[in-house]
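Structure first, then comments.
The values are calculated or read from the model by the stated rules, or taken from the named source; none is laboratory data. Keep in mind that this is a model prediction, so the values were computed, not measured. Reconstructed Cβ throughout: ideal geometry from the backbone, glycine too, with neighbour counts over all protein chains shown. Calculation scope for accessible area: heavy atoms of the full protein, side chains included, ligands and nucleic acids excluded. Shrake-Rupley method; radii C 1.70, N 1.55, O 1.52, S 1.80 Å.
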Amino acid sequence: MSEFTAALVATVREACVRRSGTDAVAACADGGWNAELWAALEQIGVTTLSVPEELGGAGGDVAATVAVLEVLGEYSAGVPLAETALLAGRLIADCGGTVPSGPMTAAVTGPELRTRREDAGLSVQGTLARVPWARNAHHVAVLDNGRVLLLGRGDFLLRQGTNLAGEPRDDLEVDAVLPASQVYEPPADSPISARALRSRAALARAALMVGAGRQALELAVAYAGEREQFGRPIAKFQAVQQHLAAMAGEVLLAKGAVEAAALAVDTQGDADVAVAAAKVVAGQMAGVVASLAHQIHGAIGYTEEHSLRHSTTRLWAWRDESGNEDEWSEVLGRRALSAGTGGLWPLLTGTR
Amino acid sequence: MDLWSLEPVALAAELDVLRADVRAFLAEELSAGRIASHCDQWLGGWDHAFSRRLGERGWIGMAFPARYGGSAAGALARFVVTEELLAAGAPVAAHWIADRQSGPGLLKFGTDEQKRAFLPGIARGECFFAAGMSEPDTGSDLASVRTRGSRVEGGWRLSGTKVWASGAHRAHAMITLARTEPRTADRHAGLTQFIVELPDPAVRIRPILLLTGEHHFNEVVLDDVFVPDARVLGEPGSGWHQVTSELAMERSGPERVLSTFPLLALAMDHLAEHGDRASAARIGAVVGRMWALRQLSLAVAGRLEAGAAPAVEAAVVKDLGTRFESVVIDTVRLLSQVVPDPGSGERLSRMLAESILHSPGFTLRGGTNEILRGVVAKELGVR
Ligand SMILES: Cc1cc2nc3c(=O)[nH]c(=O)nc-3n(C[C@H](O)[C@H](O)[C@H](O)COP(=O)(O)OP(=O)(O)OC[C@H]3O[C@@H](n4cnc5c(N)ncnc54)[C@H](O)[C@@H]3O)c2cc1C
């Protein structure tokens, strides 16, 4: 990790300790967002990481963004940083647009969204499902067949929904005529595609999962040291120790994969295999870590009052968002099958 | 250095050149029929001549300085060479222990005379080593070894029995762990490593056959064998420290992930023909995890290159990697529907059989997975 990134991560961690402690997270549950933390992150200047400075972003690479997301995941931070920086911010910047200030989110059009040219601009009608943090976003960047539409608060009606962790996942009923200033046409050599967007979203979720996994592990280690049964801390039982070690292994593997994938995105042309692999192992980790963390906590961990749920419900939610293990495995499997016997090793090592 | 500060490694471009060289050499060896691809070849593939050809190219003892016959190329260069050899299923068993642990151990703890005596031969692929640690009553609890070393004029006399000594019947020396002082409250004190040169009339080596009937490891009876002072490795009494300092190297390498890779690769063409959507996802799950495990193993090599001894990280690689090696087998077995048969004319069937029959060793050799998770638990502060 570069010194710059390390310093950034330390500052973000400090902000999280102050503003995303257990009480703050509990207060933000069920769709509430952490406005104070967001303000602090804006102050630090990380909310548009990976977006070039000349386009209004904070600069930095994907590795730095992923490092910050890991910390936010650890603190169950109720802020749309992944959506603002890696998704909406990058979509706008990749069109050469200057990113607006404030929290943002992003979506991809499906068959339910129709567009039509009119004199006054581009008419957009239809629905966008389960848009993360839409209710808190000042803008929604919509990837629509290669171009990017920027929706403002007045351009849609919103039906609130949440994921397993209570984070906002809202349905939008769009009915707007967008002026040219809200429609970004991509340049000829644009890197924009639905696949690239989904890949960035998957990497972001995987990074958040690594953070949540670390937190679940840390809670389990602490609890195992405190809880006594049969006259000693349960951490003294080898079965419990082996559970904890298995959790640590899964988290370390997922963390290594996410950070190696971020490095691949920053340095290599083709990082598809890396990102897919990172999302697959992060998803595998989520299942193992959440279930063992609960096992070690016993009944108390299964309560609303206990903070373990903030991490485990996020692990369960995020593993299914932006493509679950099976979806990304299939992507990898197809690549492997078409590479064949002779091509599998070059595929794995990213070499020819 | 804590567990969580492990950093990903991007291999330098010059290593691509090295990789391409190794790959071209292996393609030539395979197509000329000089070697054949099998699983778990770092255990089972003993081929003197192939080791010598690798030695000629400078691909053994890469960690040694030039004056001892090596190239001082570093841990990452060695990583690239070994992973290419393993992925190709090449027969590397003959020099494996010497290259991976005995050589580096000699380099770190040996005298100049010892280094001159052994390292150039190791690097040429001509001098092979065995590891004499386990005993009939000593497995996971290595500090309990009973082989005794007693001081005599000019050296030591060793008596005891070692078991599971891989390749001892063909090795030129065995690094032997023995107790040289009575046991005290500090169970790790009083152990010493000796270089026992082989063959020796006072050393009886008897095969212990694997369940496949293969002769891989041995019982080695040391019957009052004389070891001169010049063949004590390191300081008498610091054997424990020396043995454990090799663990990061011994446990983190790509061989802890790739033992069954040749099977997975071979299965690709078969499954591309016979598989469906569901099988693509199951193959991808394995491929994704393998990609991640390789990155983790590479990250540990990065730390070794920087001079650290990341033993806990290595334990994680070995625990996850060796369990994964069997997941590969099960995935191929269930998706291909090929019946494993060592005598089959079908390569996939044969390789599947080989892998299954070698699988019990994956999670035992070099420290069992239960012990490895104990190492990790200790790092977490709960042991
Ligand atoms: C293919 C192969 C090659 C080998 N080559 C060599 C070699 O070249 N040189 C050499 O010296 N040795 C060699 N070994 C031996 C190897 O190091 C031992 O098998 C290993 O250390 C385990 O010892 P053991 O087999 O005696 O099992 P044991 O230690 O008896 O263990 C049996 C079972 O008990 C479990 N167990 C033991 N202690 C604990 C504990 N504290 N907590 C929880 N569970 C525990 C183990 O995990 C295992 O499941 C080789 C082994 C194999 C399989």
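Pull up the stretch A:54-94, narrow it to residues that are under 20 Å from A:GLN268 (Cα atoms) and touching a strand residue (DSSP E or B) at 6+ places or on another chain (Cβ under 7 Å), then point me to the one that is most open to solvent (accessible area, probe 1.4 Å).
Ranking the candidates gives A:GLY60 first.
Restricting attention to the stretch A:317-352, which residues are over 18 Å from B:LEU271 (Cα atoms), at the interface with chain B (Cβ under 7 Å from one of its Cβ atoms) and of a type in the set (Ser, Thr, Tyr)?
Within the stretch A:317-352, just A:THR351 meets the criteria.
For the stretch B:355-383, give me each residue that is open to solvent by less than 50 Å² (accessible area, probe 1.4 Å), more than 10 Å from the ligand (Cβ to nearest atom) and more than 14 Å from every other protein chain (Cβ to nearest Cβ).
At the first step, the residues of the stretch B:355-383 found to be open to solvent by less than 50 Å² (accessible area, probe 1.4 Å) are B:355, B:358-359, B:361-363, B:365-369, B:372-377, B:380, B:382.
Next, only the ones that are more than 10 Å from the ligand (Cβ to nearest atom) stay: B:355, B:359, B:375-377, B:380, B:382.
Within the stretch B:355-383, B:SER355, B:SER359 qualify.
Just to be sure I understand, how many residues within the stretch B:51-72 are in a helix (DSSP H, G or I) and either open to solvent by 10 Å² or more (accessible area, probe 1.4 Å) or not assigned by TED's automatic domain parsing to the domain that holds B:ALA123 (or both)? Even if it seems obvious, please write down each step before you answer.
Here is the first cut: in the stretch B:51-72, the ones in a helix (DSSP H, G or I) are B:51-56, B:66-68.
Add one more test, that the residue is either open to solvent by 10 Å² or more (accessible area, probe 1.4 Å) or not assigned by TED's automatic domain parsing to the domain that holds B:ALA123 (or both), and what stays is B:52-53, B:55-56, B:66-67.
Qualifying residue count for the region: 6.
A quick yes/no check of all residues on (1) open to solvent by less than 20 Å² (accessible area, probe 1.4 Å); (2) closer than 30 Å to B:ALA189 by Cα; (3) out of contact with any strand residue (DSSP E or B) (no Cβ under 7 Å at 6 or more places or on another chain):
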site: B:ARG204; (1), (2), (3): no, yes, no
site: B:ILE208; (1), (2), (3): no, no, no
site: B:LEU211; (1), (2), (3): no, no, yes
site: B:LEU266; (1), (2), (3): no, no, yes
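Residue by residue, here is whether (1) crowded, with 23+ Cβ neighbours inside 10 Å; (2) away from every other protein chain (no Cβ under 11 Å) holds:
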| site | (1), (2) |
| --- | --- |
| A:PRO191 | no, yes |
| A:LEU203 | yes, yes |
| A:ALA206 | yes, no |
| A:ALA216 | yes, yes |
| A:GLN229 | no, yes |
| A:LYS255 | yes, no |
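Which count do you get for residues in the stretch B:153-178 that are in a strand (DSSP E or B), within 16 Å of the ligand (Cβ to nearest atom) and either within 14 Å of chain A (Cβ to nearest Cβ) or surrounded by fewer than 22 Cβ atoms within 10 Å (Cβ to Cβ) (or both)? If you could, list the steps in order and put the result at the bottom.
Start the filter on the stretch B:153-178 by keeping residues that are in a strand (DSSP E or B), which leaves B:155-162, B:173-178.
Now narrow it down to the ones that are within 16 Å of the ligand (Cβ to nearest atom): B:158, B:160-162, B:173-178.
Among the residues that remain, those that are also either within 14 Å of chain A (Cβ to nearest Cβ) or surrounded by fewer than 22 Cβ atoms within 10 Å (Cβ to Cβ) (or both) are: B:161.
So the count comes out to 1.
Hey, among the residues in the stretch A:1-17 that are of a type in the set (A, V, I, L, M, F, W, C) and surrounded by 12 or more Cβ atoms within 10 Å (Cβ to Cβ), which one's nearest to the other protein chains (Cβ to nearest Cβ)? Step through it out loud before you land on a result.
Of the stretch A:1-17, the ones of a type in the set (A, V, I, L, M, F, W, C) are A:1, A:4, A:6-10, A:12, A:15-17.
Then drop every residue that is not surrounded by 12 or more Cβ atoms within 10 Å (Cβ to Cβ), which leaves A:1, A:4, A:6, A:8-9, A:12, A:15-16.
On the way: A:MET1: 6, A:PHE4: 15, A:ALA6: 10, A:LEU8: 16, A:VAL9: 11, A:VAL12: 16, A:ALA15: 19, A:CYS16: 16 Å.
Looking at residues that are of a type in the set (A, V, I, L, M, F, W, C) and surrounded by 12 or more Cβ atoms within 10 Å (Cβ to Cβ), I get A:MET1.
Taking interchain pairs and intrachain pairs at least six residues apart, which have beta carbon atoms under 7 angstrom, with the first residue in the stretch B:129-152 and under 27 Å from B:ALA93 (Cα atoms) and open to solvent by 20 Å² or more (accessible area, probe 1.4 Å) and the second of a type in the set (Val, Ile, Thr) and within 6 Å of the ligand (Cβ to nearest atom)?
What qualifies is B:SER140/B:THR368; B:SER140/B:ILE371.
Within the stretch B:72-80, does at least one residue satisfy the condition of being at positive phi and more than 12 Å from the chain's Cα centre (by Cα)?
Yes, the conditions are met somewhere in the stretch B:72-80.
Answer yes or no: is there a residue in the stretch A:312-324 that is among the small types (Gly, Ala, Ser), buried (at least 17 other Cβ atoms within 10 Å of the Cβ) and farther than 22 Å from A:ALA106 by Cα.
Taking the stretch A:312-324 as the starting set, the residues that turn out to be among the small types (Gly, Ala, Ser) are A:317, A:322-323.
Next, from what is left, pick out any that are buried (at least 17 other Cβ atoms within 10 Å of the Cβ): A:317, A:322-323.
The next check asks that each one be farther than 22 Å from A:ALA106 by Cα; those that pass are none.
There is no residue in the stretch A:312-324 that is among the small types (Gly, Ala, Ser), buried (at least 17 other Cβ atoms within 10 Å of the Cβ) and farther than 22 Å from A:ALA106 by Cα.
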